[in-house]
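A quick write-up on the structure given underneath.
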Amino acid sequence: MREGAEAMKCPVIDLDNKSAGDIDLADEVFAVAPRPDIVQRVVLWQLARRRAGTHKTKGRSEVTGTTAKVWAQKGGGRARHGSRKANLFRGGGVTFGPQPRSHETNLPKKIRRLGLRSALSAMQADGRLVVLDQAQVAEPKTAALAGRLKALGWSNTLIIDGAAPDENFRLAASNIPGIDILPGVGANVYDILRHDLLVLTRQGVAALEARCK
């Protein structure tokens with residue numbers, strides 16, 4: 001958190017739902033005015049970047065077909081055609097069809113940061129943000145971790161840790177439906193908003209506040 005920035009107190013719990021003290025959340029990151037328009041722009045930008053852009057149809061020059069004159073130029077009462085590869089015929093080329101391209105658009109970093117702050121603030125305002133002391137387990141046992149998360153009432157949950165999530169915790173949670181884990185650098189608006197609950201570790205809070213400066 002930046003020096004001189006206002007902060008709000010937030011309780012911290014551990015995986016056994018016991019109190020682990022408090023943490024200061026910067027108001028400039030977790031209490032900004034809602035900007036649904038900015039959030040929408042960031043989500044659309046993210047989804048556009050995820051598109052493969054491999055859609056493709058064959059044009060007239062790419063399909064197989066004869067270029068022999070289809071029928072006589074005159075006297076048949078039909079339109080003039082000189083190739084079976086025209087788009088009017090079955091199996092002909094597609095006119096102005098989709099071609100491989102990138103759907104990526106440009107979005108200023110300032111807008112991206114504002115979108116992330118807006119998403120974090122919305123989760124905090126809705127009471128859907130929880131701060132966890134640390135996301136660590138001794139062994140990568142899915143059943144044991146699933147029981148602890150069920151006791152906490154966490155189902156459709158995104159957990160954001162610091163630079164690198166604990167490997168045992170990541171392995172144990174990888175087979176639990178609805179539980180996703182991201183490092184602080186991977187936190188994004190789309191994944192935050194599509195989960196019912198956002199869980200940040202202490203290191204995750206620090207990483208997000210550093211990103212949103």
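Take V205 and tell me if it is modelled with pLDDT of 95 or more, more than 30 Å from K58 (Cα to Cα) and of a type in the set (A, V, I, L, M).
yes
Condition check ((1) of a type in the set (A, V, I, L, M, F, W, C); (2) over 31 Å from the mean Cα position of the chain (by Cα); (3) farther than 30 Å from V205 by Cα) across all residues:
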site: A68; (1), (2), (3): yes, yes, yes
site: G75; (1), (2), (3): no, yes, yes
site: H81; (1), (2), (3): no, yes, yes
site: L88; (1), (2), (3): yes, yes, yes
site: V94; (1), (2), (3): yes, yes, yes
site: P98; (1), (2), (3): no, no, yes
site: H103; (1), (2), (3): no, no, yes
site: L107; (1), (2), (3): yes, no, no
site: A125; (1), (2), (3): yes, no, no
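Going by the structure shown, is A72 aliphatic (A, V, I, L, M), at pLDDT 95 or above and at negative phi? I'd like the intermediate steps shown before the answer.
Working: aliphatic (A, V, I, L, M): yes; at pLDDT 95 or above: no; at negative phi: yes.
Criteria not met by A72.
Select, from D22, D16, D37, the only residue that is surrounded by fewer than 16 Cβ atoms within 10 Å (Cβ to Cβ), of a type outside the set (G, A, S), in contact with a strand residue (DSSP E or B) (Cβ under 7 Å, 6 or more places away or on another chain) and assigned by TED's automatic domain parsing to the domain that holds Q134.
After ruling out the rest, the residue left standing is D22.
So which of A31, A79 ends up being touching a strand residue (DSSP E or B) at 6+ places or on another chain (Cβ under 7 Å) and either loosely packed, with under 11 Cβ neighbours inside 10 Å or within 26 Å of M8 (Cα to Cα) (or both)?
Criteria check complete, one pass: A31.
Could you identify the single residue in A207, A119, A138 that is without any contact (Cβ under 8 Å) to a residue 40 or more places away in the chain and either assigned by TED's automatic domain parsing to the domain that holds L47 or of a type in the set (F, W, Y) (or both)?
Unique residue meeting the criteria: A138.
The values are calculated or read from the model by the stated rules, or taken from the named source; none is laboratory data. The structure presented is a predicted model; accordingly, all values stated were derived computationally and were not measured. When we count neighbours, we look across all protein chains shown, and the Cβ atoms used for this are built from the backbone with ideal geometry, even at glycine.
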